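The values are calculated or read from the model by the stated rules, or taken from the named source; none is laboratory data. As the structure is a computational prediction, the values presented were derived from the model and not from experiment. Glycine gets a Cβ as well: all are built from the backbone with ideal geometry, and neighbour counts include every protein chain shown. Quick note on the areas: whole protein, heavy atoms, side chains included, nothing else; ligands and nucleic acids left out. Shrake-Rupley method; radii C 1.70, N 1.55, O 1.52, S 1.80 Å.
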Amino acid sequence: MNAGSSKVRGWAALVSTHAVLVPAAVLVGAPFVWLVCAALKRNEDFFTSTFLPGGDGFLGVEWGRVTFEHFGRLLFELGLGRAMLNSIFLSSTTAVLATVISAMGGYALAKFEFRGRKLAQGIVLAAIIIPPPLLIAPGFQWLFQLGLLDSFAGLILPAIAPAFGVYLFRQAALSSVPGTLIEAARLDGCGEGRIFFGIALPLMRPMIGAFILLTFLGTWNNFISPQVVMQSPGKFPLAVAIAQLKSTYYQDYGLLMAGTLVSVVPLMMLFLVLQKEFIAGLTSGAVKG
Amino acid sequence: MATPRRAAWGFLAPFFVLFALFTVYPLARAAVLAVQQTYGPGTERFVGLDNFKALAADPLFWKAVRNTTVYTTTTVLIQLPLSLLFAMMLNRPGLRGRAFYRLVFFSPALVGVVFVGMIFGVIFEKRTGLLNQFLHAVIGWDLDFPWMQNYVMPSLVIATLWQYMGYNMIYFLAALQNVPRELTEASEIDGAGPVRRFVSVTWPSIRPVATFVILLSVIGSFQLFELPWVLLNSAAGPDNRGLTVVMYLYQRGFETGDLGYASAIGWMLGMLLVVCAVVQRRLSRGEESV
Amino acid sequence: MSASDTAKSGRSSAGEAGVPAGALLVVLMAVVSTVAVLAWPARTAPGRTMWTSARLHYQLYEPIVAEWNQTREPRVNMTLMSLEALERRLLSGFLSGTGCADLLETERRVAARAFTGPLESVGFVDLTDRLKSEGLYEQINAASFSPWTSRGRIFGLPHDVHPVMLGYRADLVEAAGIDVSQIETWDDFVRLMLPLMAERDGDGKPKRYILNLWETQGETIEALILQAGGTFFDEQGRPTLASARNAATIAQIVAWTNGPNRIAAEARDFSASGNRLKLEGYVIASVMPDWMCNIWKNEIPQLKGKVKLMPMPAWEKGGRRTSVWGGTMLGISKTAPDFEELWAFAKNLYLSPEMARALYREGDIVTPVKSLWNDPIYDEPDAYFSGQAKGRMYIDLAPSVPLRASSPYNSIAILAVQDAVVALGIYARQSGKFTVAELEPEALAALAPAQKRLEQLLDRNVFLRESAANDGGTGLSRLAGATEAGVTK
């Protein structure tokens, strides 16, 4: 086995890997390309061409028929700007609050000895399994009794105590925050709060990034509970607005696709920024089981 | 030590207060509902275990359970090995464009269910749909192939595959990157082929992640509702081929207003999932002795 | 490693102390958006609310609502939302007693949900007595009340009649020399139109089919069943799915959609791909209620001047030549204050001659107010339908329009019948039996489980059993004869 043939073998392996990855990436990415093209096409062209309207222009595309009219309609006629703001508000506040609360809870479950700890852990684990639709109807009635219908609080408050989050942060605390460190800090005279914010939280940093992204993502795309809780059109988040578009403007595919594109792009950008933390966070949470 | 214990409860308090308010109380209400028949306020009748008895005898419920189970097993058995495979490919040292591939494969998980439903509605359409047109042109496939009418489950599995393959792949990628380098290299030097390497070095390392991912996928798959709902236009498909347990819950609760029955379905689902979780725990505890 | 070493390595491996950059970004977004949302609050306008799910209606009502808001009290704010959202909110509101909008314009499926419980708990106001005392009951087409009537009480103002005709590609039909006036029954229809299916495509399949019908088009199937004289529920609300007549109808539907002599194919309504198929002439004739004409005009403008309408071919000589499809009503919520004002608003919106004309001109919908039927607008030639006076054609069919059930289980019944059709289709393909005579027995067998399931559902409903009149149907005969008040609010 000489260096040359193993190099060739390595090169061949790489090429064959790419040979699988490239078509797979094309297949997975094709719907997105289709989405962008559909958002830029006029409705008459929707069925005459799969991607962009064909013609005599550059790359065989009739560039003159590319249009931004759908985006204009979305913004000015249909008030999607407001919906976007609502979504950003709901998703970011929910993500931040849920992360803080889950981090505190998970840290406590992982690092403290106290009576009832086993019970608390059991409750958290069991809660992960509760199917959300079970709670829609009683939840709605309860929100009404609390006076929280048609308010952002009515959507945010139920969402910022996720059992799954506590579970993840417990894993993160168990694997990333050594008990010896905490002991040492206590002996040094640090208060519990300082220990949490100054030592534990930075060590759980990857999980913070991951969980913030996960919660943001989940809240952004959620449309069933906002649709039930929110009554005034001015408070709808983007997901509800788009879902409504689908019903009332089902024929207007260009409009629907433009709306979908508008709701996807911010997420993509966020993911690009948080990619590394996301993966590191998943590692710390999941790998240690 | 008094202070840490008080601090522990202090840290847990925000979670438990909100949890009690917005999860436990509605859950208790749902439990009460499950033993009632109700059609609105002030019209409640205690019916004991009637709802559960009717559920046990309800062929549609069992059809939903069958559909959901088939969907879950197919998805897990197809999607997870595929995610692992792609993660291993992306983990190859010296692979260029890893970040690009990661982004492309993960992106479908970013879009909402409404979009997935919309686009796969267009893809699976008879005659004018992208898939049939493509297959017809390439291998003479039947242009009228009724994906969303006769092959609902396969359509759903494909759509879910597109949506979540990359998501699970990231989990596996993270896990693979934690496999100790020395071990893989050592086994390579020992002359072990790729399969042997996988079985004796890689798999034991990533097993915890794999069990975690499997459990997540099973729980998530059993709760499938929005995707078939959007894809099949707020219906369960011909002959209820696309009926899932949560969809049945929603239909019973919101289409006939029988919240009691719907709550009973919810409880059955919850118990089913508990069983799954317990089984998974047993299985993984068996190996944790390593 | 000592504690401090671990601490140092821990901190350094986490980068700078604190929170990752991306997370900070999200925090920033949270702060900024909170400020924005607080500074720019979504206005909830004062006044009464009205919900509707039909874009066409919203547009039609806007000028009338605006005029009302200028001159009368209270102010009414109209909101357009998707049918699903409206249904979800209506149910959440009614089921939890929290109320929803004050005025609700809903279509059949959603409105019927309100009738599932005891009569006293129906969320809409009982309008029966007002309609009778104000003489409105006689002015409005009686059949139009049926979907909104439960146990003899009327809970909404009807919006329409919705007679049904058959729309066909006149250009293709006349080019082939076919004379549609010869068509009286469905057998005539198939016989005369068959030559249009001669052309084959590259795969050897017919390029055209003569009827737009498929096993999963539940609403079209419902229209055909009702035309044939079948019913889904009787007046007491008991299911009547498994009747000989319904069996014959679905056997015919399956015969049309399956086998070597298949004459029907799917060109779905409300779908861009279905519209494309209609444009291509993939299907020659489609079942068309009056409102469907408007959908075609908006979505397939290219067919202008190429389509015509004809009364539906009857199931037997001399039989009914129309059916019914769809329906909308306006209801007033029990939780709404100012009933008198809202009642005045509702009447103004639904029953005025201006609205009737606008409804037909913009929406092709025929008003249910009989006294307005002599308006010349219905005799105007319609350019899209090759100059036919389709308004008059629809009105002439109004007396034969079948009744619609108001049962909350109606949509489940339609799905159950659809399932029976699908099952029958599977049987047909497996056994090779494609004629009506061969399929009828099996059709009855396919409908039986559907009926049984509905009976079980109904029997489980303790409220319908306990109900004052001991049934859950429309109770129309009681309505027609009733003079004294029924259940109090």
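Computed quantities for the displayed model
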| item | result |
| --- | --- |
| Unit Cα scatterers, Debye sum, the stretch C:385-433: log10 I(q)/I(0) for q = 0.15, 0.20 Å⁻¹ | -0.73, -0.77 |
| Solvent exposure ordering (accessible area, 1.4 Å, most first) of B:Thr38, C:Thr216, C:Thr335 | C:Thr335, C:Thr216, B:Thr38 |
| Built amide H within the under 5 Å cut-off of C:Met288, gap 5+ | C:Met165, C:Leu166, C:Gly167 |
| Simple spin-label estimate for B:Val279 and C:Glu380 in nanometres, 7 Å along Cα-Cβ | 6.6 nm |
| Surface accessible to a 1.4 Å probe, C:Val27 within the full protein complex, Å² | 50 Å² |
| Calculated FRET efficiency for the pair B:Tyr25/C:Ser133, C-beta based, R₀ 56 Å, to 0.05 | 0.75 |
| Student exercise, chain C dipole from Lys, Arg, Asp, Glu Cβ charges, in Debye to nearest 20 | 700 debye |
| Sites excluded, GluC sites (Glu not before Pro) in DSSP loops with at most 10 other C-beta within 10 Å, longest stretch of chain C | C:200-483 |
| Under 5 Å, built H, 5+ apart or other chain: amide partners of A:Val61 | A:Gly55 |
| Förster radius 56 Å - calculated FRET efficiency between C:Arg238 and C:Thr71, Cβ distance, rounded to 0.05 | 0.70 |
| Projected area averaged over orientations for the stretch C:237-282, convex hull of C-alpha atoms, nm² | 5.1 nm² |
| Reciprocal mean inverse distance between Cα atoms of the protein assembly as shown - Kirkwood radius, Å | 31.6 Å |
| Descending semi-axes in Å of the stretch A:122-184, equivalent ellipsoid built from Cα gyration tensor | 33, 14, 8 |
| Peptide-level mean, for C:265-274, of C-beta atoms on other protein chains within 10 Å | 5 |
| Protein accessible area in chain B, 1.4 Å probe - carbon and sulfur % | 65 percent |
| Dipole in debye (nearest 20) - the protein assembly as shown, about Cα centre, beta carbon charges: Lys, Arg +1; Asp, Glu -1 | 3340 debye |
| Buried accessible area, chains A and B (both chains, 1.4 Å probe, Å² to nearest 100) | 7500 Å² |
| Built amide H within the under 5 Å cut-off of C:Ser150, gap 5+ | C:Phe155 |
| The stretch B:167-290: radius of gyration and largest Cα-Cα distance (Dmax), Å | 20.9, 67 |
| Descending semi-axes in Å of chain A, equivalent ellipsoid built from Cα gyration tensor | 42, 32, 15 |
| Area of A:Val100 that stays accessible when all protein chains are in place (1.4 Å probe, Å², to 10) | 70 Å² |
| Globularity ratio of the stretch B:27-143, using Cα Rg and 2.2 N^0.38 Å | 1.73 |
| Nearest-20 debye value, chain B charge dipole, Cβ charges on Lys, Arg, Asp, Glu | 600 debye |
| Rg to Rh quotient for the stretch A:149-196, alpha carbon positions, Kirkwood Rh | 1.23 |
| Per-residue mean of C-beta atoms belonging to partner chains within 10 Å, peptide B:242-253 | 2 |
| Protein-only accessible surface order, largest first, of B:Ile123, B:Ile265 at 1.4 Å | B:Ile123, B:Ile265 |
| Degrees separating the helix A:136-146 axis from the principal Cα axis of chain A, which is the longest one | 70 degrees |
| Percent of beta bridges antiparallel (DSSP, the protein assembly as shown, rounded to nearest 5) | 70 percent |
| Tilt relative to chain A, helix A:238-248 - C-alpha long axis, 0 to 90 degrees, to 10 | 40 degrees |
| Solvent-accessible surface (1.4 angstrom probe) belonging to C:Thr322, in square angstrom, nearest 10 | 0 Å² |
| Compactness of the stretch A:104-237 as Cα Rg over 2.2 N^0.38 Å, two decimals | 1.28 |
| Sequence of A:Ser151, C:Ser181 from largest to smallest accessible area, 1.4 Å probe | C:Ser181, A:Ser151 |
| Heavy-atom surface of the stretch C:31-94, accessible at 1.4 Å and reported per residue (Å²) | 49 Å² |
| Sites A:Val26 and A:Leu146 - FRET efficiency at Förster radius 60 Å, r taken between beta-carbons, to 0.05 | 0.75 |
| Span-rule helices in chain B, defined as complete DSSP H runs reaching 20 Å or more along the axis (Cα) with Kyte mean at least -1.0 | B:2-19, B:59-90, B:152-176, B:203-222, B:259-287 |
| Most positive-pole-ward Cα, A:Ala280, C:Ile64, C:Ile250, against dipole of the protein assembly as shown from beta carbon charges | A:Ala280 |
| Stokes-Einstein diffusion coefficient of chain C, Kirkwood radius over Cα pairs, 10 °C, 1.306 mPa s, in µm²/s | 63 µm²/s |
| Extreme residue, positive dipole direction of the protein assembly as shown, given options C:Ala423, B:Asn240, C:Gly152 (C-beta unit charges) | B:Asn240 |
| Loop-located trypsin sites (Lys or Arg not before Pro) in the stretch C:254-359, at most 13 other Cβ atoms within 10 Å (DSSP) | C:Lys317 |
| Between the stretch B:173-210 and the stretch C:196-216, the Cα center-to-center distance that results, in Å | 58 Å |
| Accessible area buried, both sides summed, chains B and C with 1.4 Å probe, Å² | 3200 Å² |
| Estimated [θ] at 222 nm from DSSP helical runs (n ≥ 4, -39500 (n - 2.57)) normalised by residues in chain C, nearest 500 | -14000 deg cm²/dmol |
| Bridge type composition, chain C - antiparallel percent by DSSP, nearest 5 | 70 percent |
| Pairwise label distance in nanometres, B:Ala137 with C:Gln302, each label 7 Å out on the Cα-Cβ vector | 1.9 nm |
| Loop-resident sites, the stretch B:1-104, for trypsin sites (Lys or Arg not before Pro), counting at most 11 other Cβ within 10 Å (DSSP) | B:Arg96 |
| Overall dimensions of the stretch C:355-424 as given by Cα atoms, namely Rg and Dmax in Å | 16.9, 48 |
| Where A meets C: accessible area buried, both sides, 1.4 Å probe, Å² | 4100 Å² |
| Relative contact order (%) - criterion: Cα under 8 Å, at least six apart; region: the stretch C:318-451 | 19 percent |
